[in-house]
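Throughout, read-outs are computed from the coordinates displayed, never taken from laboratory work. These numbers come from a predicted model, not from an experiment. FYI the Cβ positions are ideal-geometry reconstructions off the backbone, even for glycines, and counts take in every protein chain you see.
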Amino acid sequence: MFTVSRRSASTAVMAGLLSLGLVACGGGTTKDSASSAAPAAPASSAPAKADPNAPIKEGLKLAFLPKQINNPYETIVDKAGIEAAAEFKGQAKEVGPSDASASSQVSYINTLTQQGHDAILIAANDANAVCGPLQQARAKGVKIISYDSDASKDCRDIFINQANSEEIGRSQVKLLSEMIGGKGEVAILSATANATNQNTWIEFMKDELGKPEYAGLKLVKVAYGDDDDQKSFQETQGLLQAYPDLKGIISPTTVGISAAARYISGSKYKGEVVLTGLGTPNQMRQFVKDGTVAKFALWNPKDLGYLASYAAAALASGQITGAEGEVLKAGRLGERTIGKDGEIILGPPFVFDKANIDQFDF
Ligand code: RAM
């Protein structure tokens, strides 16, 4: 649960806090909290047309398949999604690989399909590599929800995006540019080379960098830490050694930015090289406090999991089909309209800094 001092919070912060979900739920579940007590629900046979008044079926079986299970960000998202399923009397669990690779995800998709899940929620490590198995799942009536990192739009029913991809990409460049005075060499430390979300954001970053107001910035390298803490740490070291004039790094991954911050905080680059990106407040707190990082962004990962869970339930119950214009009823998050290509956006990204970071606990 967030604790917020209303008196000290600025209007902007309050707007952000609201979008980050002040009513976040507490409580805990185990990582794989699927109950084996309830009978398995048959694969759904949702009508082709949405019935907004259809009740949410009881006993729906949902499975979250994150990019990797040992990524703290994905853990927060999935745990919240699992907790949400209890609200509509469903059962949800998280399974997945320990490395962020698409081939590892494929075998999980096949197993979950065989187990008769009503919905698979996937943060895709590669938009296309998971497509065949997802299509096979859909042919058996399994609803497919991509969240965080999209699968190709032909092989999922809905994409729950954490924020507008263009806004994420462009705002990251703006943030870094402001902090380095619009001048100098910059680099990106990404996740895996095929990650749909990071690649989409990086495309928008490059486009933003092409604008005249960023003529003073030069992107020298995009490095990949594979959402592996050690590799991200080493890639940061490599970037700083290879580019001695580097002024700033954007790491649009919670794993990357925390590893990069750890490296920089103990190096001669602290105070010299600016780091920003996407991180969780709990992982970044010490680096904000010790002056390694001034500002970074994110959204509320708990809300992402919650929203994805409700989308899965609505799809599997026939309330929605994923078509543009349909309205998803998402519990405490209220109603969300499905946009183009079956995309639902959670909300705007929020910027964390020294002044507000202690108001967040995730
Ligand atoms: C990492 C993952 C995830 C991304 C966040 C910001 O945890 O790469 O996909 O959304 O960072």
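Model label sites at Q230 and S98, defined 7 Å from Cα along the beta-carbon direction, differ in position by 1.1 nm.
Positive-end ranking of A127, V273, T253 along the dipole of the chain, with charges on Cβ about the Cα centre, is headed by V273.
Neighbour counts of other Cβ atoms within 10 Å put L346, L240, L121 in the fewest-to-most order L240, L346, L121. Bridging of K57 to aspartates and glutamates at a Cα separation below 16 Å is possible for E87, D118, once same-chain residues fewer than 8 apart are set aside. Distance between the 7 Å Cα→Cβ label points at V220 and E203: 2.8 nm.
Here the spin labels are modelled as points 7 Å beyond Cα on the Cα-Cβ line, and at K183 and K270 they lie 2.7 nm apart. Under the convention that each Lys and Arg Cβ holds +1 and each Asp and Glu Cβ holds -1, the size of the dipole of the chain around its Cα centre is about 480 debye. Computed from the Cβ-Cβ distance with R0 of 30 Å, the FRET efficiency linking K140 to E166 stands at 0.30.
What FRET efficiency comes out for N128 versus D51 if R0 is 25 angstrom and r is the Cβ-Cβ distance? Round to the nearest 0.05.
With R0 = 25 Å, the Cβ-Cβ based efficiency is 0.20.
Helical runs assigned H by DSSP (4 residues or longer) give the chain a calculated mean residue ellipticity at 222 nm of -11000 deg cm²/dmol, each run adding -39500 (n - 2.57) before division by the residue total. The slack in the chain from V351 to E58, taken as 0.36 nm per residue of separation less the alpha-carbon distance, amounts to 101.6 nm. When each of the peptides 86-93, 283-290 is scored by the mean number of other C-beta atoms lying within 10 Å of its residues, the order from highest to lowest reads 86-93, 283-290.
Full extension of the chain between S107 and R332 yields a length gain of 77.6 nm, computed as 0.36 nm times the residue separation minus the alpha carbon distance.
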